[in-house]
Every structure is written in C-alpha cells, then in structure tokens.
1. Please report, in whole Å, how far the alpha carbons of segment 116-230 spread along each principal axis, starting with the longest.
2. Between beta-carbons, use under 15 Å as the cut-off and find the net charge around residue 33, counting Lys and Arg +1, Asp and Glu -1.
3. For segment 3-103, I need the span (max minus min coordinate) of the C-alpha atoms along each principal axis, in Å, sorted largest to smallest.
4. Going by the alpha-carbon gyration tensor, a ≥ b ≥ c the square roots of its eigenvalues, is segment 52-103 rounded (a/c under 1.5) or, if a/c is not under 1.5, prolate (a/b greater than b/c) versus oblate?
5. Hey, got the dipole for the chain? About the Cα centre, +1 on K and R Cβ, -1 on D and E Cβ, debye to the nearest 20?
6. Could you work out the longest stretch of the chain that avoids the GluC sites (Glu not before Pro) located in DSSP loops with at most 11 other Cβ atoms within 10 Å?
7. Which label marks the calculated value of semi-axes √(5λ) of the Cα gyration tensor in Å, given the options (i) 24, 21, 16; (ii) 36, 20, 15; (iii) 29, 26, 16?
8. Residue 197: which lysines have alpha carbons under 26 Å from its alpha carbon, excluding same-chain residues fewer than 8 sequence positions away?
Amino acid sequence: MSDLNRWMQKHNLCPENILYLYRSDRKTVLHRMDGGEAALYAPMHGVLSVLPEDQFLNISKGIAVNRSQIVNIGNDGVYTMSDGRTFQGRKRGLSSHRRLRMEIGLSDTKPRPMSMSLLEKCSLLDDMPLAFCVIELVFNEDGHGVDFIFRYCNAEMANIEGVPVEEMLDRSFYKVFPNGDKKWLVSYADVALNGTKHTLHDYSPEVDKYLTIHCYQPEPGYCACVLQANEP
C-alpha cells in the first residue's frame, strides 16, 4: 500500500465518498460527501493516480469531480455538484462539456412537469392539518447554482409560510422569500437527487419560526416536505 493510500485510509477517504477535489494554498483538498475535507501537499495528478480513472474527471486546472455526483453541466461549462457547489470547467473546448452532459443524461436542464399520478396523490393531502409541499430541484439557464420551485402546497402551507398558496405554486422559493436562507439547499438537493431522507430542525428567518421539516423523495428530482412550527 502506498503512502497516499494509507493517508486516504487514515482520513476515511475512498472513491465512493469523495465528491470533488480542488487545489488551495498549494494543497490538494478532497471533499467528502458528508461535507468533511482533508488536504495534503501532493499534486492533483498524484492524487488522481490512485483513484479510478473512469470515476473522476479533471474538468479544469486544479479541479476534479466525481462523475456520478454531477447534477448539471451548463452550456458555458459550469458544473453543478450534488451539494449545490459549482465549478467552472475549461473554457476551451466547451463542446466536450456538452458531449459529457449528454453522455451522462443531463442534456435537458428544463424543469419537468410533475407526473399527474403524483399530483393526484398530493391532492389527498389538501386538507391535512400539517403543512405539506413538494418542491422541484431546478437550475438556471446557464447551469449556475440551485433553486427550488413549489410544485404542490396544501392549505396548511399558507399558515406556516404566511403566504397564500397561489403565490407559492410554480414559483421559486427565493422569489417568494427573498431573505430565504441558503442552508436548506444542500439537504433538499440530497433528497431530490439521491433519495436520502432528512429531518431538519432549525430557525427559518423567512417566516420567523423554528421549524421541523421531514423530507423525502416522492419522485427523482423532487423533495416532499412535512413542516411543523415549534416553540423556540
């Protein structure tokens, strides 16, 4: 086992849990999917040499990403990862980024309409005494950043959010709530993209309430949320 392999083992790093790598202060930083990072004084190509060549892409000088964790590639070569972070790929040869986008099935970046079967299921919750919504993970036209669109809200959502349902439906979360906290994005993206379940407990400045939010994936690309207001 090489020194680099031993170092990765010591820091609980393996190809399956590395989200991306980047250069910072003459170090190569490995970012894990759980948000943790480890850095070492080693060139990027040296670190990549011990990782599966078909799993990690060197998209520009000093940046390599886990191919399976790319959620969008913009026409300008901007890569969006599953945690919402974006990286600029090489400006030269933009066609290669577009080819890769098609190869891994990311050619359509426009929001998909929610299936009628899911809408029909949601309608059963119209009068549920708990707030419930379904939000969709979307990208802007250039592939920058991550946003969410309200695709379904039951009546109780208006009480929790303080906004009429018709003013939330099919609108961006951050247009409805300009002061919305970006902290929600990573968990919502993880649910929508990876099917992970999350229970969040935090203060929501946009509605000035402490919320408990139970999240799950009703369909790929969507995050369903049950919201409850709590006493601080």
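1. 38, 34, 26
2. Residues close to residue 33 contribute a combined charge of -2.
3. If we take the Cα atoms of segment 3-103, the spans are 38, 23, 23 Å.
4. Details: a/c = 1.28, a/b = 1.17, b/c = 1.09.
Taking the square roots of the gyration eigenvalues as a ≥ b ≥ c, segment 52-103 is rounded.
5. The dipole of the chain has a size of about 1400 debye.
6. Counting at most 11 other Cβ atoms within 10 Å as exposed, the longest clean stretch of the chain is 142-232.
7. Derived directly from the coordinates: (ii).
8. 110, 121, 175, 182, 183, 209
The numbers here are math on the coordinates, done by the rules we state, and not lab data. Bear in mind the structure is a predicted one, so any value in this text is a computation, not a measurement. In this analysis, Cβ positions are derived from the backbone assuming ideal geometry, glycine residues included, and neighbour counts consider all displayed protein chains.
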